[in-house]
1. What's the exposure ranking of 381, 189, 44, going from fewest to most Cβ atoms within 10 Å?
2. Hey, can you rank 217-226, 249-258, 106-115 by average C-beta count inside 10 Å, highest first?
3. Calculate, for residue 392 and residue 69, the FRET efficiency according to 1/(1 + (r/R0)^6) with r their C-beta to C-beta distance and R0 51 Å; round to the nearest 0.05.
4. Please state the relative contact order of the range 208-302 as a whole percent: Cα pairs under 8 Å, 6+ residues apart?
5. Would you kindly state how much longer the chain becomes between residue 3 and residue 278 on full extension, computed as 0.36 nm times their sequence separation minus their alpha carbon distance, in nm to one decimal?
6. Once R0 is set to 35 Å, what does the formula 1/(1 + (r/R0)^6) return for the Cβ-Cβ distance between residue 100 and residue 455, expressed as a FRET efficiency to the nearest 0.05?
7. List 73, 319 from most exposed to least, where exposure is judged by having the fewest other Cβ atoms within 10 Å.
8. Would you mind calculating the relative contact order of the range 10-454 from Cα pairs under 8 angstrom and at least 6 residues apart, reporting the percent as a whole number?
C-alpha cells in the first residue's frame with residue numbers, strides 16, 4: 001500500500017497498519033520527526049509525549065503480530081487542545097496560572113475513548129487562553145500561524161488543533177467549541193471541523209469556559225475520519241452530568257446514503273450580511289452542487305449572537321473571579337479585560353439572554369420542521385493577518401477578534417450540530433461552509449458532507 005503520511009486520512013493509516021503494510025512504530029516515529037522539524041515555526045504543540053507514543057505504537061505492533069485486534073484507529077497519531085486532561089501532564093488551558101497546577105492523574109473521557117480505539121496520543125496543542133478568542137495569539141505560549149500563509153492567523157480558540165492537521169503534523173485532533181472555536185479555525189486552516197449537538201459528547205476531564213455553551217469535537221482530513229471519531233466518542237459518561245441519554249447512533253455506516261429526499265436550504269438574511277464576496281461564493285458553490293435553491297431566514301440571529309456574548313462573558317468570568325481579584329497581571333490582557341467586563345454584567349441581562357435563548361431555540365425547532373439541512377458561511381472572510389486588530393468587511397471597519405465568529409455564534413447558542421467543510425477561494429486561502437442540522441442529526445450532516453467530498457467540492461489541502 002502506497003501511503004503518504006502527510007495527506008492520508010486516519011482511517012487509511014489504520015487500515016495500512018492493521019494489514020501490516022506499515023508498522024505503527026514507523027508511523028508514530030515519522031510523525032514525531034515531522035513535528036520536531038516543523039513545530040518551531042508552526043507552534044502548534046505545547047507538549048509532546050515521544051516516549052509514551054513510541055511505547056504505545058510498539059504495543060499495537062505486538063498485538064497485531066500475535067493476531068489480536070488493536071482497534072479501528074490502531075496506530076493513528078492524534079493530539080488534543082491543551083484543555084483536555086492528559087495523565088501526567090499539567091492541563092494548561094492556554095494559561096500561565098494553570099501551569100502551576102499538578103499534572104492530571106487520568107485522561108479526559110474523550111482522550112481515553114480514542115486511545116481505546118487504538119489511536120496514539122502524540123501531545124497537546126496551543127489555544128487562546130481559557131478558550132476565549134478566535135485567533136490563537138497567546139501572550140504566554142505564542143501565536144500559531146496559518147499553515148497556508150504564516151503571516152496570517154490560524155483562528156481560534158482551537159487554532160493549534162486545526163493548524164496541526166492542516167500542516168500535516170497529525171491526521172486527527174480534538175478541540176472545543178463554545179461560540180465557534182472549532183469551526184472558525186477549521187475554516188481558516190482548510191480542514192474539517194465538527195461540533196456535535198450540545199451534550200452529545202462527554203466533556204469530563206476538560207477545562208470549561210462557558211458551561212452552557214461548551215462542546216467538544218474534532219478536526220480531520222476526511223469526512224469518514226470525522227464520522228469514525230464521532231462514533232468512538234459517543235456514549236454515556238457518569239463523569240459528565242450533562243451528557244445526553246440519547247443513545248449512540250453510528251454515523252460511519254450512513255455516509256453512503258446520499259442526499260436524495262433531504263430538504264436543503266441556504267441561510268438568508270443575517271448570514272448574507274457583513275461578508276466578503278468570496279466567502280459567500282463558497283456557500284453558493286456548495287449549494288449549487290447539492291441542488292439547494294431555497295432560502296430560509298433564521299429570525300433574530302443578530303440578537304442570538306449578542307445573547308451568546310453575554311452568557312459567555314458571565315459564565316466565563318464566574319469561573320475565574322478569585323484569580324481576577326488576586327492575580328490579574330497573570331492573565332493574557334485581552335482575556336482578563338473581557339472576563340472583568342463579564343463579571344460586571346447585570347444579572348437581569350443574563351436572565352433575559354437565557355429567556356431569549358429559549359425563544360430562539362423554539363423558532364429554530366419550527367424551521368427544522370420545514371428543512372433538514374441549512375448551509376451558511378463559517379467565517380465572513382479568509383484568515384486575517386497576525387496581529388491585526390481591525391479588518392474591513394463589506395466596506396465597514398470592524399474588530400477582528402469578536403467578528404470572526406459572527407456566523408458561528410447563533411448556532412452554538414442553541415447547541416445545534418454543525419460541520420465546517422473546507423472550500424478553496426480565489427486567492428488560494430481556505431474558507432469554510434457550515435452544514436447545520438437539528439439536534440442529534442449528525443448523521444444527516446455527514447451524509448451531505450460525504451457527497452460534497454465525493455464530488456470534489458470540499459477537500460483538505462495539506463500545507464507543505
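Please treat every number below as a calculation from the coordinates, not as lab data. Keep in mind it's a predicted model, so treat the numbers as computed, not measured. Positions of Cβ are backbone-derived with ideal geometry, glycine not excepted, and every protein chain shown enters the neighbour counts.
1. Ascending number of Cβ neighbours within 10 Å: 381, 44, 189.
2. The densest-packed peptide leads the list: 217-226, 106-115, 249-258.
3. FRET efficiency, residue 392 to residue 69: 0.40.
4. Relative contact order for the range 208-302 comes out at 23 percent.
5. Length difference between fully extended and current span is 95.6 nm.
6. Computed FRET efficiency for residue 100 and residue 455 comes out at 0.10.
7. Listing 73, 319 from fewest to most nearby Cβ atoms yields 319, 73.
8. Relative CO of the range 10-454 lands at 17 percent.
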